[in-house]
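The values are calculated or read from the model by the stated rules, or taken from the named source; none is laboratory data. Nothing here was measured: the structure is a model prediction, and the numbers come from that model. Cβ coordinates were reconstructed from backbone atoms using ideal geometry, including for glycine residues, and neighbour counts include every protein chain displayed. Note: areas computed on protein heavy atoms with side chains; ligands, DNA, RNA excluded. Shrake-Rupley method; radii C 1.70, N 1.55, O 1.52, S 1.80 Å.
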Amino acid sequence: MTTTGTRDVQLGVSHLGYQPDSPKMLTMTASSADGLSAEIPFYLRQNCFRMARDAEQMAGFSARFPTPYHTLRGKLQPPASSSYYYRGMLRRKDWRWGTVWQADFSDWTTPGSFQIETDDQVSVPFAVMARQDDRVLLGYLRYLNAQRCGCEVFGVHPACHMDDGVLDSDGSAWPVTGGWHDAGDFRKWAFNIIWHLQALATMLEWRGDDLDRGGIGRAALLDEIRWGNRFFHGIITPEGHVYEDVAGGQAPKGAGFTYDEHWWFENHAGVYGDATDNRWTDNIPNSGDERSIRTSYNPYMQFAYAACQCRVAPLLPAAEKLKCIELAQRAWQYGRTKGHDGRTIFVACELLAAVELMKVESSAVTVDDVATLTAQLLSRQDQGDTGLHGYFMDISGEAFRSIGLSADPVLALVRLRECLPQLKGLPAKLADQAREAVTRYIDGYLLADAASNAYGLTPYGIYIVQEHADRQTFRDAGRGRGVRTFMAPLNRMGVAHGLNGLWMSHAHLLARAGVLMNRHDWKQAAERLLHWTHGHNPFNRSTNVSIGFRQPIGYSFRIPQLSDAILAGCIGWPDDKPYLEESSAIEWNTLEYWGIPYGHAAQAVCHLT
């Protein structure tokens, strides 16, 4: 949206819209601040109606049918009060990302469909309406359907990968059809897509009645769970070993990457996998073009599998329920026997699995197991009292950071608090400490740093070791530690990953914990993160391809476009300012479709409505 002259002005609002009691921020950015006042009036008006401007009308047009060309020419004429519903003032603020003009119009609660107009720009249309966020749930279900693997999806792709797959250890056939493609490719990263089961369960539990009334129905969600379990029930061995991916790829030749040293980076698995198996197949088993199943042991996969199978089990008929619990116990026991190196991400996932097993009354776990794991996880929380605090540390001595699993430790503690009635015998002191840890993490870390930017964006992570500090910015987090809103792009793997997965995991956490602990401010912080992803950002672009406007072009390797998806999201420049690819030179870093942010966004919405 370019105004007259060369200056580009954007009016950022949530393209998703707002519930009546939502926080509502308007943020104006400009490519040049020259000549712009410190205070700029804005007018909230009916969507599609234009306000009068002082530009001369082209001959042949009239006030009733004004010229349709260059509609932003001229300045607003002194508006009659009948031409708008609400008048406010944008005020200039200088932030670390540059100058913005910002206003809070949260006191506007009247339902309707609106735009906001200033001398220089008009916002995209948005609604103020109860349950306006339901579109996220609808889009998420359509996304999952489009990402189905092992079948034809009408209007999306022909039948695919009906011959998955063969074991990478010996090439023997091992049927693992079904499930979902993980992102803008054909790979099935089980440690990511397993969490769709949790999201679907949350939707059934919190919004099942609404879905029934709205014509979708519980049966559709149960069918999606079963489609996922067609795959998940195939990737576990009789001994309980859960395979972690199908078609994940290998290390590029000559790269020198090894599974032990490079598979995990920033608590994100599979970072070096190439596109070797990201391809179509002939769908004929045993023809020789089957895709590979990775048989390495991943502790996270073991416990994520156990947790998610327990999560969906109570929603299914008796026979299916028992099958899910039996497989969950098998995965749990295998993981407990094999063990792990004590990384925080493994401890958090193991705790979550233990809690979920207790909730379904499994005999495979005891309340003492839960207590031990809770104490271990709590011991990882930073206990400082200056600067940012309450984040989690890892066994390496570095702070815990993760591209897509950032909220996992705290979500495990929230789930523990939700399941306290099933955790009889858990020491009350430990349960209280879990509650305090959630509060400390959110207030002392997430929201404390979110105040450092104009959009309420939560931080990527704390850095003890500040690599290439002469070339990239680490803001002061206190006690000699650094913090970034975006992942430090200059790192040993050369990975700069978009962070919608992180922000939507934080939105999920803030909404869920806000309900559990009666913190309205946390729920409002969750909404602001949803708003960022859906257009209230410096680019005025929604990164949900089916909700909002001005979307960047999505990165999808084999299928050029999906009708419903959330993109990877912004990365950061070395100076910790946001970057989003806006050209048609598509790159995965910011533009790839990804299921992790959509699943978390759906769960956030469930707890906000």
Inset, instruction - Would you please name the residue that is surrounded by the fewest Cβ atoms within 10 Å (Cβ to Cβ), looking only at residues in the stretch 92-126 that are over 30 Å from residue 70 (Cα atoms) and of a type in the set (Asp, Glu)? - result: 107
Legend entry - Residues that are open to solvent by 70 Å² or more (accessible area, probe 1.4 Å) and in a loop (DSSP other than H, G, I, E, B), drawn from the stretch 204-239: 238, 239
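Let's see how each residue does on (1) of a type in the set (Gly, Ala, Ser); (2) over 21 Å from residue 183 (Cα atoms); (3) at pLDDT 95 or above:
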{"residue": "284", "(1), (2), (3)": "no, yes, yes"}
{"residue": "304", "(1), (2), (3)": "yes, no, yes"}
{"residue": "313", "(1), (2), (3)": "yes, yes, yes"}
{"residue": "326", "(1), (2), (3)": "no, yes, yes"}
{"residue": "329", "(1), (2), (3)": "no, yes, yes"}
{"residue": "336", "(1), (2), (3)": "no, yes, yes"}
Inset, instruction - Could you tell me which numbered condition residue 482 fails, if it satisfies all but one of (1) crowded, with 17+ Cβ neighbours inside 10 Å; (2) touching a Lys or Arg at 6+ places or on another chain (Cβ under 8 Å); (3) touching a residue at least 60 places away in the same chain (Cβ under 8 Å)? - result: (3)
Inset, instruction - Determine, yes or no, whether residue 528 is open to solvent by 40 Å² or more (accessible area, probe 1.4 Å), touching a residue at least 40 places away in the same chain (Cβ under 8 Å), of a type in the set (Lys, Arg) and under 22 Å from residue 509 (Cβ atoms). - result: yes
Legend entry - Filter result (closer than 30 Å to residue 476 by Cα, open to solvent by 10 Å² or more (accessible area, probe 1.4 Å) and either of a type in the set (D, E, K, R) or not in a loop (DSSP other than H, G, I, E, B) (or both)) within the stretch 347-381: 375, 376, 378, 380, 381
Inset, instruction - Determine which single condition residue 433 fails, assuming it passes every other condition in (1) over 21 Å from residue 601 (Cα atoms); (2) assigned to a loop (DSSP other than H, G, I, E, B). - result: (2)
Inset, instruction - Could you tell me which numbered condition residue 475 fails, if it satisfies all but one of (1) touching a residue at least 12 places away in the same chain (Cβ under 8 Å); (2) under 30 Å from residue 307 (Cα atoms)? - result: (2)
Inset, instruction - Examine the stretch 273-289 for a residue that is in contact (Cβ under 8 Å) with a residue 12 or more places away in the chain, open to solvent by less than 10 Å² (accessible area, probe 1.4 Å), part of a helix (DSSP H, G or I) and within 19 Å of residue 189 (Cα to Cα), and state whether such a residue exists. - result: no
Legend entry - Condition met for residue 33 (out of contact with any helix residue (DSSP H, G or I) (no Cβ under 9 Å at 6 or more places or on another chain), open to solvent by 40 Å² or more (accessible area, probe 1.4 Å) and aliphatic (A, V, I, L, M)): no
Legend entry - Search result, residues across the stretch 402-422 that are open to solvent by 10 Å² or more (accessible area, probe 1.4 Å) and part of a helix (DSSP H, G or I): 408, 411, 415, 417, 418, 420, 421, 422
Legend entry - Of all residues in the stretch 146-165 being of a type outside the set (A, V, I, L, M, F, W, C) and surrounded by 17 or more Cβ atoms within 10 Å (Cβ to Cβ), the one that is nearest to the chain's Cα centre (by Cα): 147
Inset, instruction - Tell me which residues, restricted to the stretch 336-346, are β-branched (Val, Ile, Thr) and either without any contact (Cβ under 8 Å) to a residue 40 or more places away in the chain or open to solvent by 10 Å² or more (accessible area, probe 1.4 Å) (or both). - result: 337
Legend entry - Tally, over the stretch 78-91, of residues that are in contact (Cβ under 8 Å) with a residue 12 or more places away in the chain, over 19 Å from residue 9 (Cα atoms), open to solvent by 80 Å² or more (accessible area, probe 1.4 Å) and out of contact with any Leu (no Cβ under 6 Å at 6 or more places or on another chain): 1
Legend entry - Of residues in the stretch 436-458 being without any contact (Cβ under 8 Å) to a residue 60 or more places away in the chain and either part of a loop (DSSP other than H, G, I, E, B) or open to solvent by 40 Å² or more (accessible area, probe 1.4 Å) (or both), the one nearest to residue 365 (Cα to Cα): 436
Legend entry - Count of the stretch 292-338 residues which are hydroxyl-bearing (Ser, Thr, Tyr), within 25 Å of the chain's Cα centre (by Cα) and outside any helix (DSSP H, G or I): 0
Legend entry - Of all residues in the stretch 1-35 being of a type in the set (A, V, I, L, M, F, W, C) and at pLDDT below 95, the one that is farthest from the chain's Cα centre (by Cα): 33
Inset, instruction - For the stretch 535-582, enumerate the residues that are basic (Lys, Arg) and open to solvent by less than 50 Å² (accessible area, probe 1.4 Å). - result: 541
Inset, instruction - Examine the stretch 240-262 for a residue that is open to solvent by 20 Å² or more (accessible area, probe 1.4 Å), in a loop (DSSP other than H, G, I, E, B) and of a type in the set (S, T, N, Q), and state whether such a residue exists. - result: yes
Inset, instruction - Sort through 65, 114, 49 and tell me the only one that's more than 25 Å from residue 8 (Cβ to Cβ) and either part of a loop (DSSP other than H, G, I, E, B) or hydrophobic (A, V, I, L, M, F, W, C) (or both). - result: 65
Inset, instruction - Just give me the residues in the stretch 503-520 being free of Cβ contacts under 8 Å to residues at least 40 places away in the same chain and either in a helix (DSSP H, G or I) or crowded, with 24+ Cβ neighbours inside 10 Å (or both), in sequence order. - result: 520
Inset, instruction - Report, by residue number, each residue of the stretch 140-187 that is out of contact with any Pro (no Cβ under 9 Å at 6 or more places or on another chain), more than 15 Å from residue 559 (Cβ to Cβ) and in a strand (DSSP E or B). - result: 166, 167
Legend entry - Cβ-Cβ under 6 Å pairs, at least 6 apart or on other chains, the stretch 183-200 side touching a residue at least 40 places away in the same chain (Cβ under 8 Å) and polar (S, T, N, Q), far side part of a loop (DSSP other than H, G, I, E, B) and surrounded by 24 or more Cβ atoms within 10 Å (Cβ to Cβ): 192/182
